Amino acid sequence: MSELKLTIKEVVTLRDAQVFNDFPRWLYTNDPYFISHLDQDIEKVFNPKTNSSFRNGDAKRWLLFDGKQCTGKIAAFFDRDKDWAGIGFFDCVDDQESANMLFRTAEEWLSSNGFNYAEAPVNFGERDKYWGLMIHSSRSQSYQENYNADYYRHLFERAGYQKKFEQTTAEADPKRFNHQKFKELAQRSTGSEEFELKHLERDKLDKYAEDFVSVYNKAWQGHDHFTPLTKKRILQLFKSMKPVLREDLIWFTYANDKPVAFYVSIIDLNQIFKYLNGKLNWWGKLKFLWYKNRVKVDKIRGLVFGVIPEYQNRGLYSGMIMKIYEVFEKDPYLKSTELSWIGDFNPKMHALFRSLGAETTKIHYTYEKRF
């Protein structure tokens, strides 16, 4: 491509935003493994009313055009509270010149705001969403997980981005699960009268939102990019999940009635969302209801697991894992559980996954660059 033909346009209008969301669908139109993100989810990321990162931060996004054809997109964001900057939502044709122009645009904007460093590709939010470049996959991507063509890695690395850490997604098949081992572990760790395991109940969302926040904020406060959660935020999340929420996939462990651990799983939503092509408008909602009642979802996805510090290293996970195993025994359609995503800086969770007989199915890299 000739740089004389390439132009950059900031996303300003609703029409620009629609082009931003439509571009990956055009780029991957012939890729059978690609599943589009939902437009509404992406727009929430860039909406100051729905994303608290705008409190002391900002975000911009741009489109790349070759003549009249959109050939790439990118976003950049920073959060002064965390002294952090990132680049994400990058998609581009296989052309280094085009990629460099997108990277340069994002980097120059971050520099103008006092940042000379960025992680990429990342999200203006939590690490479990739109985080990392897909390097390897033997599956379609899961809900809110990045999907990237093989050539993206070269576009990033030739532009000077270096791997910061690796995150893996694994999948466990209950047929390979060591039932007896975990049954014994669960009996030793949570078998006393001190402990009680309960699954979420739809009519008590307020209580479980409070218990989730109590455990999460204690369990994760020492991690990078930690942002305390509020009960209001989690309650809103639980309510938004109601159409697809399964009570028996979200488990809490209590010690003398005090919440000390949780394990949250959901059904593989992309097995339904793949029929919507990213559109959850009125027609998309009707399609969602249609497919929700007809698609026999065969996979669940473990989203987050937490134990408060004073109860860590006591094997509490084993009791909740056994509860999930019992769900598989009762549900004739479920075949596997996906365990997402674990950084290479977390050897304990990798050891747990190996003990479950889980096999790595996806690898994402988080890159970094100084400029």
Residue within the stretch 90-97 that is in contact with a strand residue (DSSP E or B) (Cβ under 6 Å, 6 or more places away or on another chain), of a type in the set (A, V, I, L, M), part of a strand (DSSP E or B) and under 23 Å from F34 (Cβ atoms) present: no
Residues (farther than 26 Å from E145 by Cβ and either among the aliphatic types (A, V, I, L, M) or under 25 Å from the mean Cα position of the chain (by Cα) (or both)) located in the stretch 169-197: L185, A186, L197
Residues (closer than 20 Å to V93 by Cβ, in contact with a strand residue (DSSP E or B) (Cβ under 8 Å, 6 or more places away or on another chain) and aromatic (F, W, Y)) located in the stretch 145-191: Y147, Y152, F156, Y161
From R61, R55, residue being surrounded by fewer than 21 Cβ atoms within 10 Å (Cβ to Cβ) and either modelled with pLDDT of 95 or more or not aromatic (F, W, Y) (or both): R55
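Conditions (1) over 19 Å from S112 (Cβ atoms); (2) more than 20 Å from the chain's Cα centre (by Cα); (3) free of Cβ contacts under 8 Å to residues at least 12 places away in the same chain; (4) not in a strand (DSSP E or B), marked per residue:
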| position | (1), (2), (3), (4) |
| --- | --- |
| K49 | yes, yes, yes, yes |
| D58 | no, yes, no, no |
| C70 | yes, yes, no, no |
| I87 | no, no, no, no |
Hits in the stretch 289-321 - residues which are within 23 Å of K175 (Cα to Cα), among the charged types (D, E, K, R) and out of contact with any strand residue (DSSP E or B) (no Cβ under 9 Å at 6 or more places or on another chain): K296
Set F54, F78: member being in the same structural domain as S111 (by TED's automatic domain parsing), more than 25 Å from Q141 (Cβ to Cβ), assigned to a strand (DSSP E or B) and within 21 Å of the chain's Cα centre (by Cα): F78
Where A99 falls short, out of the listed (1) buried (at least 20 other Cβ atoms within 10 Å of the Cβ); (2) under 21 Å from the mean Cα position of the chain (by Cα): (2)
Qualifying residue in the stretch 189-199 (condition: of a type outside the set (K, R), within 30 Å of R139 (Cα to Cα) and assigned to a loop (DSSP other than H, G, I, E, B)): no
Test: residue in the stretch 318-339 that is modelled with pLDDT under 95, of a type outside the set (F, W, Y) and at positive phi: no
Test: residue in the stretch 190-200 that is surrounded by fewer than 17 Cβ atoms within 10 Å (Cβ to Cβ), among the charged types (D, E, K, R), within 29 Å of V244 (Cβ to Cβ) and touching a helix residue (DSSP H, G or I) at 6+ places or on another chain (Cβ under 6 Å): no
Positions within the stretch 299-323 being in a loop (DSSP other than H, G, I, E, B) and either among the aromatic types (F, W, Y) or more than 13 Å from F252 (Cα to Cα) (or both), in sequence order: Q312, N313, R314, G315
Residue within the stretch 68-83 that is at pLDDT below 95 and at positive phi present: yes
Residue match in the stretch 284-295 (condition: of a type outside the set (V, I, T) and part of a loop (DSSP other than H, G, I, E, B)): yes
Any pair with Cβ under 7 angstrom, 6 or more apart, that starts in the stretch 243-270 at a residue that is part of a helix (DSSP H, G or I) and ends at one that is hydroxyl-bearing (S, T, Y): L249/S265; N270/S140; N270/S142; N270/Y143
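The values are calculated or read from the model by the stated rules, or taken from the named source; none is laboratory data. All figures in this text were calculated on a predicted structure; none of them were measured in a lab. Using ideal geometry, Cβ is built from the backbone for each residue, glycine included, and neighbour counts are taken over all protein chains shown.
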